[in-house]
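What follows is a single structure, written as C-alpha cells, with notes after it.
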Amino acid sequence: MDSLEALKKAKIACPETGIEIKHTVCAICSPAYNCGVNAYVKNGKLLKVEGMDEHPRNQGLLCTKGQSGRGYVCREDRILTPLRRVGERGEGKFEVISWEEAYAEIAGRLKAIREEDGADAVAFVGGYNKWHRPWLRRFAHSFGTMNYGTESSTCMTAGWMAWKIATGQLAGPDMEHCDLLLGWAFDPSYSGYLKARTAERQRSRGMKVIIVDPRVTPTVEKMCDLHLRPYPGTDGALALCIGNILIENGWVDQPYIDRYVHGFEQYAAYVKQFNSSNIEKLTGVPYEQVLKAARMIHESRSMAINENSAPIPHHKNGLQNYRAIMALTALTGNYDREGGEKPTLHTFTHQIAGFTTREDEFADGTEPENDKPVVGSARFPLWFHMEREMQLVDLPRQILEETPYPIRAMFALGFNYRMLPEDKQAKEALRKLDFFVNADLFMTDTAKLADIVLPVCSSYERGELMTYPGQYAWYTKPAIDRIGKSKSDAEILCELARRMQLGDPELEAGYEKNIEFIISNLDLTMEELKKSDVPLHVPGIRPAKPGERLEKGLLTPTGKFELYSELIASHPEWGLDALPTYCDPLDDADPESYPYILCSGGRLPNAIHSRLHKVKWLRSMRLDPTADISEEDAKAMGLKEGDMVELYTERAAITVRVKPSYRIKKGVIVFYHGYSEADVNALMSQKHVDPYSGFPAYNSTRCGMRKKDTDEKIRN
C-alpha cells in the first residue's frame, strides 16, 4: 500500500487526503454535556469523530454514545425531505412535498383551527433534544396559547423543581473540594461520564464515597466506601432516617440551621418515625448501615451530594424523595459552602455556565393571557405554578376526553409518544387529532402518525450557541453539509412565523438575531463568537463566593433553605405536603399477582432513550431487549441468561430476554427503555404518577414475570 492510500485508510487529515478537521459539538445526549468534537470531513461528508482537546468541558474525551456520531448522523432512516401523509395514520405512507407546500399547509390548518376553536385547541410540543425550546415556547405564545410542553414533563425537571422549592434556584455538588461524596444514584460509568474523572481524582486524594443505589454498579465496585441498597422508590424514607439519626445524636450544624434554615422544628418532629424499628422493613437497608452513613456524614469536613434527576424523581413519591435527600445538605450546613452544594443559575437551554442570559426574556416575551386552563395545570398545579407549561402526562387524556376543552392539533419538534406512561393511550390520542405535525431526524413510529413530517438537521449540520461551566460560550459552525433538505428546528420556527404572520418581528428576524438579543447582557458579541473556532471565556463575570447567596438571602418566601415549603403551604387547595413527607412508592396492583418491582430507568453505556438503538454497532452491545434480574429470582424460576420471559402488568405485556446478575436485588427487575419491539412504557400506568411533578413512576411499578418458550420471538 502506498503512502497516500495508507493516509486515506487511516483517515488522516491533510492536504493529500483532502480530509479536514472541523470543530463541532455532539448533542446526542443534549443538554447533558454538549461535548466538543473533532469531525473529520471530506467533501462535506462525515468520516469519523474524535474528542476535541481544546474544549473546556470534555478536553478530548467522548463517551460511547459520542463516538457513534457518524453512525447516528448517517442513520438509514434519516428524514430527507418534507413529507405529507397519504395513507392511514401509522401506516408510514407519505408523498414528498416542498418546504413551501409544507409551510402553506401547516399555516392554513393551524390558523383555521385557531379561528374555529381558539389558539388553545393547538398544542405545541418539544421533544428531544432541548436546544430549540426557547423558540418553540415563543412561537406557541405568539400563536396565542400557553399550551406548550416538553419532554421534560418526564425528564430532569422534577429535580430542578425540588431545588427551587427548597432554595429558589438550582445547585450542584462541589465535588472538587469535598471530603465526602454522597452519590445518590451516582453511576458515571454509564451516565454522565465526565463526573467519573472528577470523582476518581478526588478519591485518589482521600475523598470518601457513599453510594445509594439498588444495583451494584461499576461505581460501587470501583470507588465505594459504603453501599446502601434501598428498594426502588424508598430513597425518601432512607434520607429521612439519616436526618433523624443526625438530629438525635447532635450531629447537625445547629448555628447554621438557626440562621439559614426554615422549618427545622417541623422536620425534626416528622422524621422521628423513621428509625431503627422500621427502616429495614421500609427500605431493605439494615439500620446499622444507615447509622454508619450518618456517622460518616458527621465525621466529614464537607459533604457534596450528587443526586440524579433522572432515577430519583421517577416514582409516585419522587419529588418528595428528592427534597428529603436535599434536606441533609441543610442539616449539615453544606449548602452554599465549599465542598458542599453550590448555588447556580440557569444560563441557556438547560445549561448552567456561571452566568445568566436573556433567554427567559426572549422565550416568554410574548406570553398570552389565557382564559382556559393549560393542559395538566388542574391535575398538577405545583408543576404549572413553577414551570408555566403543559404537563404532557395529562395531554393524551385531554385529547381523548375533550375535557375541559378539545385539543384538535399538535405541532411538535422531536416528539416521541413512547416518552409517556401507558403510551397506547398516547398513540390513540395522536390518531384522534385533526392535524399533527412532527419534525425529527428519523422516521420514528411517532413521525409515522403525523400528517406532515419535517426533516431537521443534527448538531453537525447547524450552527448554534452553546454555553459551558466555567463561564464559556461558543457559537458553533456547521461541520458537514446538511443531509437531504433538512433545516434546523429554530430555522423552521422562524420561517413558519413569517409564513403565518404571527406578528412577532423578533421571532421573524431569525436565530442569529435572536441570539444577539439573548447575549446582549454579556461583554461578548455575536461577531466575536462567530470568529472563534473554540469556546470563549465570557469576560466580566465574577464567580460567586461560598456563603454569598446565604448572606443575600435565598430566593424563597422566607429567604432561607426551606425544609417546610411556604409556597406549598400557601396553597392548601393543592392538597400537597409542605414537608418532604414519605409514602409507599408502589401502585395498588395485587402484590401476589404482580410480585416484582419493575424499574425501567437504568442506563446503558450504548444507549439513550430510543435514539441509538438503530445505530448498528451500538445495538450490537445489547442486541435484544433484555431485563436484568437477580440470581435468586432466576434460580427460583429456572431461568438462565438469554431465556425468554414475559413481563406484564394489568395494561400490557412485553417479551424480552433475561440476564441474571448479582448486581440486582431480589424482587427487582431492571429493564432499559426505548425499544419499540419491547416497549416498557406500555406497562406503566398514566395514573401512577407523582402528584407534585406529574412524573410517571417508571422506576417503581408492580409487575409479573413468566417464562416463555425459547423459540418465541420478541414482539411488541
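The values are calculated or read from the model by the stated rules, or taken from the named source; none is laboratory data. Computed from a predicted model, the values in this text were never measured in an experiment. Quick reminder, even Gly has a Cβ in these numbers, built from the backbone with ideal geometry, and neighbours come from all protein chains shown. Surface areas here come from the heavy atoms of the whole protein model, side chains and all, with no ligands, DNA or RNA. Shrake-Rupley method; radii C 1.70, N 1.55, O 1.52, S 1.80 Å.
A few comments on the model shown:
- Qualifying residue in segment 120-136 (condition: part of a strand (DSSP E or B), touching a strand residue (DSSP E or B) at 6+ places or on another chain (Cβ under 7 Å) and open to solvent by 50 Å² or more (accessible area, probe 1.4 Å)): no
- Within the option set Ala27, Ala107, Ala102, Ala32, being touching a helix residue (DSSP H, G or I) at 6+ places or on another chain (Cβ under 7 Å), crowded, with 19+ Cβ neighbours inside 10 Å and of a type in the set (Gly, Ala, Ser) holds for one residue only, Ala27.
- If you filter segment 576-605 down to residues that are open to solvent by 40 Å² or more (accessible area, probe 1.4 Å) and acidic (Asp, Glu), you find that the one that is farthest from Arg651 (Cα to Cα) is Asp577.
- Counting only residues that are modelled with pLDDT of 95 or more and hydroxyl-bearing (Ser, Thr, Tyr), segment 36-64 holds 1 of them.
- Close contacts from segment 644-665, counting a first residue that is under 11 Å from Lys707 (Cβ atoms) and of a type in the set (Asp, Glu) and a second that is open to solvent by less than 10 Å² (accessible area, probe 1.4 Å) and not in a loop (DSSP other than H, G, I, E, B), with Cβ to Cβ under 9 Å and a gap of 6+ residues or different chains, come to Glu646/Ile654; Glu646/Thr655; Glu646/Val656; Glu646/Gly704.
- Cβ-Cβ contacts under 6 Å between residues 6 or more apart (or on different chains), taken from a first residue in segment 406-417 that is free of Cβ contacts under 8 Å to residues at least 60 places away in the same chain and closer than 13 Å to Leu395 by Cβ to a second residue that is open to solvent by less than 10 Å² (accessible area, probe 1.4 Å) and among the hydroxyl-bearing types (Ser, Thr, Tyr), are listed as Tyr417/Thr446.
- Looking at Glu50, Glu54, Glu115, just one residue is open to solvent by 20 Å² or more (accessible area, probe 1.4 Å), of a type outside the set (Val, Ile, Thr) and more than 21 Å from Pro478 (Cβ to Cβ), and that residue is Glu115.
- Whichever residue in segment 41-83 is within 22 Å of the chain's Cα centre (by Cα) and charged (D, E, K, R) and, among such residues, is farthest from Ser30 (Cα to Cα): Arg57
- Residues that are farther than 26 Å from Arg301 by Cα and at pLDDT 95 or above within segment 165-193 comprise just one, Ile165.
- Selection count, segment 509-550, where residues are charged (D, E, K, R) and in contact with a helix residue (DSSP H, G or I) (Cβ under 9 Å, 6 or more places away or on another chain): 5
A quick yes/no check of all residues on (1) basic (Lys, Arg); (2) in contact with a His (Cβ under 9 Å, 6 or more places away or on another chain):
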position	(1), (2)
Cys583	no, no
Ile597	no, no
Ser610	no, yes
Lys616	yes, no
Asp628	no, no
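- Scope segment 308-348; condition over 18 Å from Val261 (Cβ atoms) and either of a type in the set (A, V, I, L, M, F, W, C) or part of a strand (DSSP E or B) (or both); matching residues: Ala310, Ile312, Leu319, Thr344, Leu345, Phe348
- Residue that is farthest from Ser486 (Cα to Cα), among those in segment 47-90 that are polar (S, T, N, Q) and part of a loop (DSSP other than H, G, I, E, B): Gln59
- Checklist (1) open to solvent by 30 Å² or more (accessible area, probe 1.4 Å); (2) of a type in the set (A, V, I, L, M); (3) in contact (Cβ under 8 Å) with a residue 24 or more places away in the chain applied to Val96, failing item: (3)
- Complete set of residues in segment 208-233 that are hydrophobic (A, V, I, L, M, F, W, C) and part of a loop (DSSP other than H, G, I, E, B): Val216, Cys224
- Selection of segment 611-640 for residues being more than 17 Å from Val680 (Cα to Cα) and of a type in the set (A, V, I, L, M) yields Val615, Leu618, Met621, Ala634, Ala636, Met637, Leu639.
- Number of positions in segment 210-258 that are in contact (Cβ under 8 Å) with a residue 40 or more places away in the chain, of a type in the set (Asp, Glu) and surrounded by fewer than 20 Cβ atoms within 10 Å (Cβ to Cβ): 2
- Enumeration of residues in segment 137-175 that are over 21 Å from Asn34 (Cα atoms), open to solvent by 10 Å² or more (accessible area, probe 1.4 Å) and in a helix (DSSP H, G or I): Arg137, Arg138, Ser142, Lys164
- One residue stands out in segment 176-198 among those that are in a helix (DSSP H, G or I) and in contact (Cβ under 8 Å) with a residue 40 or more places away in the chain: the one that is surrounded by the fewest Cβ atoms within 10 Å (Cβ to Cβ), namely Arg197.
- Residue identified as part of a helix (DSSP H, G or I), closer than 18 Å to Thr329 by Cα and open to solvent by 40 Å² or more (accessible area, probe 1.4 Å) among Leu282, Leu291: Leu291
- In segment 572-607, the residues that are touching a Lys or Arg at 6+ places or on another chain (Cβ under 8 Å) and of a type in the set (Phe, Trp, Tyr): Tyr594, Tyr596
- Against the list (1) in contact with an Asp or Glu (Cβ under 9 Å, 6 or more places away or on another chain); (2) over 14 Å from Ser458 (Cα atoms); (3) open to solvent by less than 50 Å² (accessible area, probe 1.4 Å), the condition Gly18 fails is (1).
- Residues of segment 469-496 that turn out to be surrounded by 18 or more Cβ atoms within 10 Å (Cβ to Cβ), of a type in the set (Gly, Ala, Ser) and over 25 Å from Glu527 (Cβ atoms), as a count: 1
- Of all the criteria given as (1) part of a helix (DSSP H, G or I); (2) open to solvent by less than 10 Å² (accessible area, probe 1.4 Å), the one not satisfied by Arg203 is (2).
- Scanning segment 220-233 for residues that are of a type outside the set (Lys, Arg) and within 16 Å of Ile664 (Cα to Cα) turns up Val220, Glu221, His227, Leu228, Pro230, Tyr231, Pro232, Gly233.
- Segment 94-119, residues that are part of a loop (DSSP other than H, G, I, E, B) and over 16 Å from Phe435 (Cα atoms): Ile97, Ser98
- Filter result (polar (S, T, N, Q) and touching a residue at least 40 places away in the same chain (Cβ under 8 Å)) within segment 550-572: Thr556, Thr558, Ser565
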